[in-house]
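The values are calculated or read from the model by the stated rules, or taken from the named source; none is laboratory data. This one's a predicted model, so the numbers in the text were calculated from it and none came from an experiment. Neighbour counts run over all protein chains shown; Cβ positions are idealised from the backbone, glycine included. Each accessible area value is taken on the protein alone, full model and side chains, heavy atoms only, with ligands, DNA and RNA left out. Shrake-Rupley method; radii C 1.70, N 1.55, O 1.52, S 1.80 Å.
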Amino acid sequence: MEGFDLNKLVRESVSKLQPYSSARDEYVSDGSEMIFLDANENPFDNEVNRYPDPYQRSLKSLLAEQKRVSESQILLGNGSDEVLDLIYRAFCEPNQDNIITLPPTYGMYKVLAGINAVENKEVLLTADFEPNVEEILNAVDANSKLLFICSPNNPTGNSFKKGLIEKLLKSFNGLVVIDEAYIDFSKDESWLSQLNNYPNLIVTQTLSKAYGLAGIRLGICYASEEIISVLNKIKPPYNVNQLTQQRALKRVLNQDLVNQEVKQILEERTELIKALDSLEFVSELYPTDANFVLAKVDDANKRYHQLLEKQVVVRNRSTQPLCESTLRFTVGTPEENKKLIAILKELN
């Protein structure tokens, strides 16, 4: 993208900020032969008595190898929500700048805008759940800093057309954040392969979905070295704890098992779609590249509570724009899906 200047997007206070230097920032070593008397820790070893690596070097090295990016292009956070919040705080001036979101979409973009006192300009997706490029660009002004694109999208499940996203990357002068929380369930290629072609591109991913590690809270941000450098200035020094780093390393190393589980989820998704399609009270199923299915039903509130009475919790998305009377079904285990399908067939 010609003429892109990241310095014009960074908040002035962040540009001038002298980042906090933790005790573990002042040397580079694996620590195996060192006596640590610098960080006022309890010296007695219990496996977590020391502060964790503030830059998660071992985990980043593995991710960099797998994703074919540089370690300097990776930021890890306490869940994707921390990663997203850091992006707001680095680039959006409170009570001045704005961001653009594309409802129906992930609700935390709007919540974080409110927390950071940043205006949220909403541009609805089209009727077939695609970005309305013309309307998005019409909404842009001099203070538009971030554009959030969730693809595959939550709650609709579809991946956006590559050409539409390319137009936005080329035309939007701010940062384009592509949230790929569900990319592992999609046949589409990740936008990570385009990082070096678009200096305004940020890609976020997570270990909470396909990797099955929602409980450890590990979010990942991929971007240019310049963008990551800005985010590193403002992140808390030890934002990813030692237990999270250890568990993530173990899981990411076991890629074969992850792939096997994803394959099974996709097979179960196919069976769930067949079952939902056979129900009289389901009027439409929306295309999905995620580990869930959005279904339009006759009465979402009624069906939601019927399922709840049967100890099955799904998500009622009827309050979202363009999602009137819809339920979102996450793909469960074969046993869970079998029970769900049996219950659905019994509903009147």
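Structural remarks
- Checked against (1) aromatic (Phe, Trp, Tyr); (2) open to solvent by 50 Å² or more (accessible area, probe 1.4 Å); (3) under 16 Å from the mean Cα position of the chain (by Cα), Tyr238 meets all criteria but (3).
- Of all residues in segment 241-250, those satisfying the criterion of being open to solvent by less than 90 Å² (accessible area, probe 1.4 Å) and in contact with a helix residue (DSSP H, G or I) (Cβ under 7 Å, 6 or more places away or on another chain) are Thr244, Gln245, Ala248, Leu249.
- Filtered by the rule that a residue be farther than 15 Å from Glu268 by Cβ and open to solvent by 30 Å² or more (accessible area, probe 1.4 Å), segment 320-348 gives Gln320, Pro321, Leu322, Glu324, Arg328, Lys345, Glu346, Asn348.
- Flag if Leu175 is in contact with a Lys or Arg (Cβ under 7 Å, 6 or more places away or on another chain) and open to solvent by less than 10 Å² (accessible area, probe 1.4 Å): yes
- Residue in segment 175-186 that is over 22 Å from Asp25 (Cβ atoms), charged (D, E, K, R) and touching a strand residue (DSSP E or B) at 6+ places or on another chain (Cβ under 8 Å) present: yes
- Scanning segment 306-319 for residues that are within 29 Å of the chain's Cα centre (by Cα) and surrounded by 12 or more Cβ atoms within 10 Å (Cβ to Cβ) yields Leu307, Leu308, Val312, Val314, Arg315, Asn316, Arg317, Ser318.
- Test: residue in segment 154-163 that is within 26 Å of Ala64 (Cβ to Cβ), touching a residue at least 24 places away in the same chain (Cβ under 8 Å) and not in a loop (DSSP other than H, G, I, E, B): yes
- Among the helices (runs of 4 or more DSSP H) confined to segment 46-144, the ones with at least 2 residues that are touching a helix residue (DSSP H, G or I) at 6+ places or on another chain (Cβ under 9 Å) and more than 23 Å from Asn239 (Cα to Cα) are located at 133-139.
- Hits in segment 198-235 - residues which are part of a loop (DSSP other than H, G, I, E, B) and open to solvent by less than 30 Å² (accessible area, probe 1.4 Å): Tyr198, Asn200, Leu207, Ser208, Ala210, Tyr211, Leu213, Leu218, Ala223, Ser224, Lys235
- Taken over segment 48-72, the criterion of being open to solvent by less than 20 Å² (accessible area, probe 1.4 Å) and either among the aromatic types (Phe, Trp, Tyr) or over 20 Å from Asp38 (Cα atoms) (or both) is satisfied by Leu59, Lys60, Leu63, Ala64.
- Failed item, numbered, when Ser70 is tested on (1) under 24 Å from Asn173 (Cα atoms); (2) within 20 Å of the chain's Cα centre (by Cα): (1)
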